[in-house]
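J.: Supplied in structure tokens, the structure appears directly below.
The values are calculated or read from the model by the stated rules, or taken from the named source; none is laboratory data. All figures in this text were calculated on a predicted structure; none of them were measured in a lab. Positions of Cβ are generated from backbone atoms using ideal geometry, with glycine treated the same way; all protein chains shown enter the neighbour counts.
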Amino acid sequence: MPNTDAILNRCQVARFSYVRSFGLNAMLLFPWFFVCLLAALPAIRDGQVDFRGHYAAGYMIRSGLGHEIYDYSAQKRIQDELVSPAQLALPFVRPAYQPLLFAPFSFLAFRQAYFAFYAFDLAVLILCFRLLRPYLANLARVASYLPAAMFLFFPIAETLIQGQDSIILMALLLGALTCIQRDRECLAGVLVAFGLFKFQLVIPIAVLFLVWRRWRFTAAFACTAALLAAVSLWIAGMAQSVHYLTSMIQMGSSLNFSSGSPVRVNQMANLHGAFYGILGRSPYVLPLTIASSAAMMIYAAFRRPHGVNALLIAIPVSVAVSYHLFIHDMCVLLIPIVLVLDRIAEERKTKHQYGLLRMASVVLLFAAPTCLLFAIDRFWIASLPLFAFAIAVSVLEPQDNPHALTLHQASDAKA
């Protein structure tokens with residue numbers, strides 16, 4: 001008979017070694033935060049960051065110009081006047097309810113508004129850290145620097161620099177995760193619905209919860225979505241709302257480009273970007289994207305996970321099938337990355353092939369976004385680790401085994 005204590009000790013040492021090595025490698029990304037910030041300073045000075053479009057949209061809402069919020073010429077005029085003259089405007093492509101968030105910042109001059117929103121994003125990031133704290137405890141036992149290392153995820157730096165809103169979506173999904181853990185799925189549905197300003201990421205999550213028969217979540221999501229749609233319609237009006245839907249269809253096509261707003265599909269780390277990167281402007285890109293997205297959604301639908309495992313599977317799947325995705329949108333992947341690392345740091349079978357596959361997929365996904373620094377026009381390559389991670393968590397994760405013991409539970413039971 002093998003010595004059970006010796007086996008557990010060897011597994012524990014191997015587990016800690018894997019996770020500690022991950023943290024050390026993550027810390028190597030720290031200098032890149034400063035490199036990216038320094039490189040972005042001229043763009044910030046000239047107003048050539050993504051916050052430009054949000055700022056102008058907030059001003060238009062505050063000034064009673066909501067009926068022109070999706071008009072390209074109006075957006076360009078406002079951005080040129082308030083920010084800086086530019087050859088092209090940065091189109092606002094969010095539902096009309098979202099500029100309500102940016103309206104208060106429009107009382108400030110652009111640069112002051114940018115740094116005020118930067119501070120706001122940092123405050124939301126601190127909230128994300130607090131919401132993730134229950135899933136960082138096992139990592140902290142492995143090494144004290146690991147919880148901080150998790151937030152060196154490169155898309156977070158890009159979100160902060162560009163003045164994007166992806167950290168807000170991450171906070172909403174983390175709030176939903178906490179609510180699901182506490183069996184408050186109605187509130188979880190409300191929080192996820194408020195993330196519809198990135199509907200390409202949120203709608204796949206809602207569809208999966210509907211198929212999984214999470215009725216309270218689905219009902220709350222639908223009611224909140226209807227309310228937000230009504231608010232958006234009231235702000236923008238019927239004509240602008242129809243124009244918005246039409247422009248979204250045009251922007252979503254890999255073969256068409258709307259005036260002044262080219263979509264660089266090869267910079268999308270999802271199925272759409274992968275097929276476009278491989279096939280170029282082939283007529284097969286669209287059908288292959290739709291077919292593969294449907295296949296991934298159907299497979300995930302048959303998993304029927306319980307508890308927080310629902311978001312563990314739904315988030316990477318939604319990112320993979322999203323039709324419109326850029327690096328800052330990948331912030332939400334930090335949630336499943338931390339959940340998987342927490343389980344690797346706790347469970348007893350890390351030396352098993354399943355543990356190794358999960359660990360490999362986490363390491364590759366965490367590092368993949370940094371390829372933007374070296375291959376910006378081939379960023380679709382970052383989708384490959386994402387697909388591996390989505391498969392690893394859906395196929396290999398023991399979602400529906402409530403009787404599985406963790407290492408600590410096994411030790412306690414033996415004692």
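Every residue, every condition in (1) surrounded by 14 or more Cβ atoms within 10 Å (Cβ to Cβ); (2) within 24 Å of the chain's Cα centre (by Cα); (3) in contact (Cβ under 8 Å) with a residue 24 or more places away in the chain; (4) farther than 18 Å from residue 197 by Cα, yes or no:
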site: 58; (1), (2), (3), (4): yes, yes, yes, no
site: 74; (1), (2), (3), (4): yes, no, no, yes
site: 78; (1), (2), (3), (4): yes, no, no, yes
site: 88; (1), (2), (3), (4): no, no, yes, yes
site: 97; (1), (2), (3), (4): yes, yes, yes, no
site: 101; (1), (2), (3), (4): yes, yes, yes, no
site: 108; (1), (2), (3), (4): yes, no, no, yes
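J.: Kindly indicate which of 146, 187, 172 is crowded, with 22+ Cβ neighbours inside 10 Å, farther than 30 Å from residue 49 by Cα and among the aliphatic types (A, V, I, L, M). Quick ask: steps written out before the conclusion?
T.: Working: 187 fails: crowded, with 22+ Cβ neighbours inside 10 Å; 172 fails: farther than 30 Å from residue 49 by Cα.
Matching residue, one of 146, 187, 172: 146.
J.: So, of the residues in the stretch 32-56 that are of a type in the set (Phe, Trp, Tyr) and either surrounded by 14 or more Cβ atoms within 10 Å (Cβ to Cβ) or at pLDDT 90 or above (or both), which turns out to be farthest from residue 197 (Cα to Cα)?
T.: In this case the residue turns out to be 32.
J.: Among the candidates 120, 151, 115, which residue alone is surrounded by fewer than 21 Cβ atoms within 10 Å (Cβ to Cβ) and within 14 Å of the chain's Cα centre (by Cα)?
T.: On the way: 120 fails: within 14 Å of the chain's Cα centre (by Cα); 115 fails: within 14 Å of the chain's Cα centre (by Cα).
Step by step, each of 120, 151, 115 is checked, and only 151 is surrounded by fewer than 21 Cβ atoms within 10 Å (Cβ to Cβ) and within 14 Å of the chain's Cα centre (by Cα).
J.: Only one of 119, 140, 157 is aliphatic (A, V, I, L, M), under 24 Å from residue 52 (Cα atoms) and at pLDDT below 90; which? Explain how you work it out, then say what you get.
T.: Values: 119 fails: at pLDDT below 90; 140 fails: under 24 Å from residue 52 (Cα atoms).
Exactly one residue qualifies, and that residue is 157.
J.: If you don't mind, there's one more thing I want to ask. Restricted to the stretch 204-214, and to residues that are free of Cβ contacts under 8 Å to residues at least 40 places away in the same chain and surrounded by fewer than 20 Cβ atoms within 10 Å (Cβ to Cβ), which residue is nearest to residue 232 (Cα to Cα)?
T.: Only one residue tops the list, namely 210.
J.: Let me ask something else. For the stretch 84-101, give me the residue count where each residue is in a helix (DSSP H, G or I) and closer than 22 Å to residue 326 by Cβ.
T.: Selection size over the stretch 84-101: 2.
J.: Inspect the stretch 285-293 for any residue being more than 20 Å from residue 201 (Cβ to Cβ), modelled with pLDDT under 90, β-branched (Val, Ile, Thr) and touching a helix residue (DSSP H, G or I) at 6+ places or on another chain (Cβ under 8 Å) and give the result as yes or no.
T.: yes
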